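Have a look at the structure below before the remarks.
The values are calculated or read from the model by the stated rules, or taken from the named source; none is laboratory data. This one's a predicted model, so the numbers in the text were calculated from it and none came from an experiment. Here the Cβ positions follow ideal geometry from the backbone for every residue, glycine too, while neighbour counts run over all protein chains shown.
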Amino acid sequence: MIDNRPIGIFDSGIGGLTVAKAIHDLLPNEQLVYFGDTAHFPYGDKAPESIELYSEKISNFLLTQNCKAIVIACNTASSLGRKKVLEVLPTETPLIDVITPVANFFKSTKSEVAGVIATKGTIGSGVYRKSINKVNPKVEVQSLATPLLASMIEEGFFNNTISATVISEYLSHEILKDIDTLILGCTHYPIIETEILNYYKQSSKSITVLNSAKIVAEEVKRRLISKNLITDNKGANNHHFFVSDFTNSFEESTKIFFGDQLRLEKLNLWK
Ligand code: DGL
């Protein structure tokens, strides 16, 4: 059995591209349909009901694109919108969020104190602490909302003195002082992973930094295989990117991840 339908992926902006790229690298024959809800960026500061509404609307749109699985490539929407998405998804359509696979990683880890940095919405939901402690109650989870980071990244402010200052200000926070592992709890953060690693190198701390993109891509592969939904359509790669508001930074970032030949379309789902 092969299934040539695309995989649907969404985020508030460019963050989910880190997950889309990891899926593309692991499953190069799969076609992706990506929705970046740039008109509502940032999700991190929005009310839970708004995130539910956006997640539901976007998932319904991805289903109209004939998607065989949905990936919520956003921690905020995974925390606050997942239940709503499950309500609209046909039971046979796999739903992959970005939090559960990372929490499962803690089933077999030596980590004693994990830190999570994420948006206000994700941290406020307490989802990381709950999900990690469900699989491993021994891990202490320290959480810090880092609301400036996603906007900084979405605006293209990284690998410069501004980003270095903001990162250092957040990571030196008292609450993170005893951690042995840092979870990048927002899909925008892998874009500044090198800067985060540099911060720890300079402060001579040995911290494991967990970037969820690869872990989530592995989970997507596992779920597709278990439901016989994998394609062998070699060379398909006809990815389609939609945004609710056109931004230069989205186009630039998408080109960095997927090259120049882009199918990028503006689509207002809320008109
Ligand atoms: N990339 C998103 C996340 O993983 C959200 C950033 C935002 O829109 O605030 O939470």
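For Val102, the conditions (1) touching a Ser or Thr at 6+ places or on another chain (Cβ under 6 Å); (2) more than 16 Å from the ligand (Cβ to nearest atom) are fulfilled apart from (2). Looking across the range 230-252 at every residue that is over 22 Å from the mean Cα position of the chain (by Cα) and not basic (Lys, Arg), the one that is surrounded by the most Cβ atoms within 10 Å (Cβ to Cβ) is identified as Thr231.
Of the strands (runs of 3 or more DSSP E) lying entirely inside the range 4-101, those carrying at least 1 residues that are touching a Gly at 6+ places or on another chain (Cβ under 6 Å) are 7-11, 32-36, 69-72.
The rows are residues; the columns are (1) within 20 Å of Phe246 (Cα to Cα); (2) touching a residue at least 60 places away in the same chain (Cβ under 8 Å); (3) within 15 Å of the ligand (Cβ to nearest atom); (4) surrounded by fewer than 24 Cβ atoms within 10 Å (Cβ to Cβ).
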residue	(1), (2), (3), (4)
Arg5	no, yes, no, yes
Ile9	yes, yes, yes, no
Pro28	no, yes, no, yes
Glu49	no, no, no, yes
Lys57	yes, yes, no, yes
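Each row is one residue, and each column tells you yes or no for (1) within 12 Å of the chain's Cα centre (by Cα); (2) over 16 Å from Leu267 (Cα atoms).
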position: Phe10; (1), (2): yes, no
position: Gly16; (1), (2): yes, yes
position: Val19; (1), (2): yes, yes
position: Val33; (1), (2): no, no
position: Pro42; (1), (2): no, yes
position: Ser50; (1), (2): no, yes
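Elements of the type helices (runs of 4 or more DSSP H) sitting completely within the range 169-271 and holding at least 1 residues that are closer than 27 Å to Thr122 by Cα and at pLDDT 95 or above: these cover 193-202, 212-226. For the range 125-152, filtering for residues that are away from the ligand (no atom under 12 Å from the Cβ) and at negative phi leaves 16. Considering the conditions (1) within 16 Å of the ligand (Cβ to nearest atom); (2) modelled with pLDDT of 95 or more; (3) among the acidic types (Asp, Glu), Glu155 is excluded by exactly one of them, (2).
Okay, residues lined up against (1) touching a helix residue (DSSP H, G or I) at 6+ places or on another chain (Cβ under 6 Å); (2) closer than 20 Å to Pro48 by Cα; (3) surrounded by 18 or more Cβ atoms within 10 Å (Cβ to Cβ):
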{"residue": "Ala114", "(1), (2), (3)": "no, no, yes"}
{"residue": "Gly124", "(1), (2), (3)": "no, yes, no"}
{"residue": "Gln142", "(1), (2), (3)": "yes, no, yes"}
{"residue": "Ala145", "(1), (2), (3)": "yes, yes, yes"}
{"residue": "Ile153", "(1), (2), (3)": "yes, no, yes"}
{"residue": "Thr161", "(1), (2), (3)": "no, no, no"}
{"residue": "Glu169", "(1), (2), (3)": "no, no, no"}
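Hey, Lys120 hits all of (1) within 16 Å of the ligand (Cβ to nearest atom); (2) touching a Leu at 6+ places or on another chain (Cβ under 8 Å) but one; which does it fall short on? The one condition Lys120 does not meet is (2). Per the conditions (1) over 28 Å from Leu80 (Cα atoms); (2) within 16 Å of the ligand (Cβ to nearest atom), the sole criterion not satisfied by Ser203 is (2). Checking Asn211 against (1) touching a residue at least 24 places away in the same chain (Cβ under 8 Å); (2) surrounded by fewer than 16 Cβ atoms within 10 Å (Cβ to Cβ), which test does it fail? Against the list (1) touching a residue at least 24 places away in the same chain (Cβ under 8 Å); (2) surrounded by fewer than 16 Cβ atoms within 10 Å (Cβ to Cβ), Asn211 comes up short only on (2).
Filtering Phe157, Phe105 for residues that are assigned to a loop (DSSP other than H, G, I, E, B), within 24 Å of Ala22 (Cα to Cα) and either in contact with a Phe, Trp or Tyr (Cβ under 7 Å, 6 or more places away or on another chain) or aromatic (Phe, Trp, Tyr) (or both) leaves a single hit, Phe157.
When Ala114 is tested against (1) in a strand (DSSP E or B); (2) within 15 Å of the chain's Cα centre (by Cα), exactly one condition is not met: (2). The single condition from (1) surrounded by 20 or more Cβ atoms within 10 Å (Cβ to Cβ); (2) under 24 Å from Ile192 (Cα atoms); (3) within 16 Å of the ligand (Cβ to nearest atom) that Ile70 fails is (2).
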